[in-house]
Amino acid sequence: MKIIKKIDIYLLRNFLGLFLATFFIAIFILLMQFMWMHVNDLVGKGIGLSVLAEFFLYAAASVVPLALPLAILLSSLISFGNLAEKFELTAMKAAGISLFRILRPLTIAVAFLSVGAFFFSNNVLPKSQMKLWALIFSLRQKSPELQIPVGEFYDEISGYHIYVRNKDKNSLLNIMIYDYSEGFENATVMVADTGRLTASADKRFLMLDLINGESFENLNRKQQRATGTTKNIPYRRETFAHKRIVIDFATDFNRYDESILEDQHVSKNVAQLVQSIDSVKGVSRERCAEQSTQLLAERYFSRENTRNVVVPTELTDEERQTYSLDSLWATVSPNRYMRILSMARERAQNYRDQIDYNAIMLEDADRYIRKHEIELYRKFTLAFACLVFFFIGAPLGTIIRKGGLGAPVVISVILFIIYYIIDNTGYKMAREALWPCWAGMWLSSFVLLPTGIFLTYKAATDSPLFNPEAWTIKAKRFFYRVKNYENQYNRRSFRRLQKR
């Protein structure tokens, strides 16, 4: 007896073909959305095609955790919608094949995809995330290409604002430059009839040649002392026929050191995350115990600060420990009473500041732990979400009996938006320490899992879940029962009145 039958091969062929198509479509859509978020890091940088290809490769790997569940949901919905629409699913059930038997080969395939998703998020995704963010930081540090517009100020050169009224080939006409490189107090304004901008041979500097112009420079006190001027001269004016300005403007693409990102939570696998969480938790517990011991020993139970305030000096140390301070208030003068209260308030404020400082020191460790725990749970929720979406899409396809790219796409997008909103809400709750990390990261799975179980049950029992006629009949039955109950209640009430 063959383990894999022809019906299994037929179902797998239909599902896997749709899965690959929808997976690459989802990758493309999410990749465009990711690129739009970082368009400012790409446009105008003058980077080569190899760097762009590397960026798209790492970005595509980073959107797989979102694209994979969406592809499984959409492909399973279209696949079973086509089977139901063409009555192939009905023929299988008429032949004595149950829905669970039909789902068995695809469930095994999706289980393998879920395991692969876990290994991908554990082994591939951390490295791609580290390389992607190192590349993004490198792109952000790279100076943009110099494309000075006409009729507006250009401020991409640090410390300079350049305004050009017109252009003639490689020449800039009627140019105005605000030089803030030495600070706003030492600003220099330059105007020229013509200017030409070129790069040095090593592409580390820009050389701006100005022809027939003037410059106006503010004079601060240091410049006045250097020039020997004692009068209050507001600025210095200079007229030139040719002037060259050398601007530090490195245009080379320098790689960001990836080793700096190795300690980030996105760059670690499960073993590294667990190790980091355990080590930081141990340090946090030791620090918390040390701070508590210090606070209790030096602040709370020490009478060292109150020993010389109001307690009589002739008492022994043992008598001081048992002496009642309340009995002294009657013997204290009003001025000394206010002075004691002021000192107590000041000490209490100092203790509170110390506690706040300790809380800040512990908060950094708690934030570090939360980030690592969120990333740890995320690796498991991705694999589980693939199974949940399959058991939502496949039964839903058999119920709605619609294939193609019409209703399945709309339903898939709506379900995925709901999943994304719930998942993002749980993530933010866990990140802000409002919920435990496991509750926030598993929230979407806990919400969608009952939905998948309910839809699978309805599909297995051939329940007309989306049939308007069935819902109309149920509504009529409900109102009929309500009306019948009301009539019976009125009859019983009438009989009671007759007996009275």
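Conditions first: (1) at pLDDT 85 or above; (2) among the small types (Gly, Ala, Ser); (3) loosely packed, with under 11 Cβ neighbours inside 10 Å. Residue 276 passes all but one, so which condition is the exception?
(3)
Considering only residues that are in contact with a Leu (Cβ under 6 Å, 6 or more places away or on another chain) and more than 14 Å from residue 12 (Cβ to Cβ), which ones fall in the stretch 101-132?
114, 117, 121, 130, listed by residue number.
Can you spot a residue in the stretch 21-33 that is touching a residue at least 60 places away in the same chain (Cβ under 8 Å), of a type in the set (S, T, N, Q) and either assigned to a helix (DSSP H, G or I) or open to solvent by 50 Å² or more (accessible area, probe 1.4 Å) (or both)? Spell out the reasoning first.
Narrowing the stretch 21-33 to residues touching a residue at least 60 places away in the same chain (Cβ under 8 Å): none.
Within the stretch 21-33, not a single residue is touching a residue at least 60 places away in the same chain (Cβ under 8 Å), of a type in the set (S, T, N, Q) and either assigned to a helix (DSSP H, G or I) or open to solvent by 50 Å² or more (accessible area, probe 1.4 Å) (or both).
What is the one condition in (1) more than 23 Å from the chain's Cα centre (by Cα); (2) modelled with pLDDT of 80 or more that residue 253 does not satisfy?
(2)
Is there a residue being β-branched (Val, Ile, Thr), part of a helix (DSSP H, G or I) and either at pLDDT below 65 or open to solvent by 70 Å² or more (accessible area, probe 1.4 Å) (or both) anywhere in the stretch 294-313? Break it down into steps so the answer makes sense when it comes.
Within the stretch 294-313, the subset β-branched (Val, Ile, Thr) is 306, 309-311, 313.
In the following step, the residues that additionally are part of a helix (DSSP H, G or I) were identified as none.
Checking the stretch 294-313: not a single residue is β-branched (Val, Ile, Thr), part of a helix (DSSP H, G or I) and either at pLDDT below 65 or open to solvent by 70 Å² or more (accessible area, probe 1.4 Å) (or both).
Mind counting the residues in the stretch 87-110 that are open to solvent by 40 Å² or more (accessible area, probe 1.4 Å) and either in contact with a strand residue (DSSP E or B) (Cβ under 8 Å, 6 or more places away or on another chain) or of a type outside the set (Phe, Trp, Tyr) (or both)?
Filtering the stretch 87-110 for residues open to solvent by 40 Å² or more (accessible area, probe 1.4 Å) gives 87-88, 90-91, 93-98, 100-101, 104, 108.
Next cut, either in contact with a strand residue (DSSP E or B) (Cβ under 8 Å, 6 or more places away or on another chain) or of a type outside the set (Phe, Trp, Tyr) (or both) only: 88, 90-91, 93-98, 101, 104, 108.
The number of residues fulfilling the criteria is 12.
Does the stretch 352-381 hold any residues that are open to solvent by 40 Å² or more (accessible area, probe 1.4 Å) and of a type in the set (A, V, I, L, M), and which are they?
Taking the stretch 352-381 as the starting set, the residues that turn out to be open to solvent by 40 Å² or more (accessible area, probe 1.4 Å) are 352-357, 359-361, 363-364, 366-368, 370-371, 377-378, 380.
Selection gives 355, 359, 360, 361.
State the number of residues belonging to the stretch 453-500 that are hydrophobic (A, V, I, L, M, F, W, C), modelled with pLDDT of 75 or more and either in a loop (DSSP other than H, G, I, E, B) or within 30 Å of residue 80 (Cβ to Cβ) (or both).
5
With the requirement that a residue be open to solvent by 30 Å² or more (accessible area, probe 1.4 Å), under 19 Å from residue 248 (Cβ atoms) and more than 36 Å from the chain's Cα centre (by Cα), what does the stretch 151-179 give you?
Of everything in the stretch 151-179, just one residue is open to solvent by 30 Å² or more (accessible area, probe 1.4 Å), under 19 Å from residue 248 (Cβ atoms) and more than 36 Å from the chain's Cα centre (by Cα), namely 178.
Take residue 74 and decide whether it is in contact with a Pro (Cβ under 7 Å, 6 or more places away or on another chain), open to solvent by less than 70 Å² (accessible area, probe 1.4 Å), in contact (Cβ under 8 Å) with a residue 60 or more places away in the chain and not charged (D, E, K, R). It would help to see each step written out before you state the result.
Details: in contact with a Pro (Cβ under 7 Å, 6 or more places away or on another chain): yes; open to solvent by less than 70 Å² (accessible area, probe 1.4 Å): yes; in contact (Cβ under 8 Å) with a residue 60 or more places away in the chain: yes; not charged (D, E, K, R): yes.
It is true that residue 74 is in contact with a Pro (Cβ under 7 Å, 6 or more places away or on another chain), open to solvent by less than 70 Å² (accessible area, probe 1.4 Å), in contact (Cβ under 8 Å) with a residue 60 or more places away in the chain and not charged (D, E, K, R).
Has the stretch 382-402 got at least one residue that is open to solvent by 20 Å² or more (accessible area, probe 1.4 Å), out of contact with any Leu (no Cβ under 6 Å at 6 or more places or on another chain) and free of Cβ contacts under 8 Å to residues at least 24 places away in the same chain?
Of the stretch 382-402, the ones open to solvent by 20 Å² or more (accessible area, probe 1.4 Å) are 384, 387, 391, 399-402.
Those left that are additionally out of contact with any Leu (no Cβ under 6 Å at 6 or more places or on another chain): 384, 387, 391, 400-402.
Cutting the leftovers down to free of Cβ contacts under 8 Å to residues at least 24 places away in the same chain gives us none.
So far as the stretch 382-402 goes, no, none of its residues is open to solvent by 20 Å² or more (accessible area, probe 1.4 Å), out of contact with any Leu (no Cβ under 6 Å at 6 or more places or on another chain) and free of Cβ contacts under 8 Å to residues at least 24 places away in the same chain.
The values are calculated or read from the model by the stated rules, or taken from the named source; none is laboratory data. Just so we're clear, the structure is a prediction, and the values are computed from it rather than from any experiment. Positions of Cβ are generated from backbone atoms using ideal geometry, with glycine treated the same way; all protein chains shown enter the neighbour counts. Remember, those area values only see protein heavy atoms, side chains included, never the ligands or the DNA or RNA. Shrake-Rupley method; radii C 1.70, N 1.55, O 1.52, S 1.80 Å.
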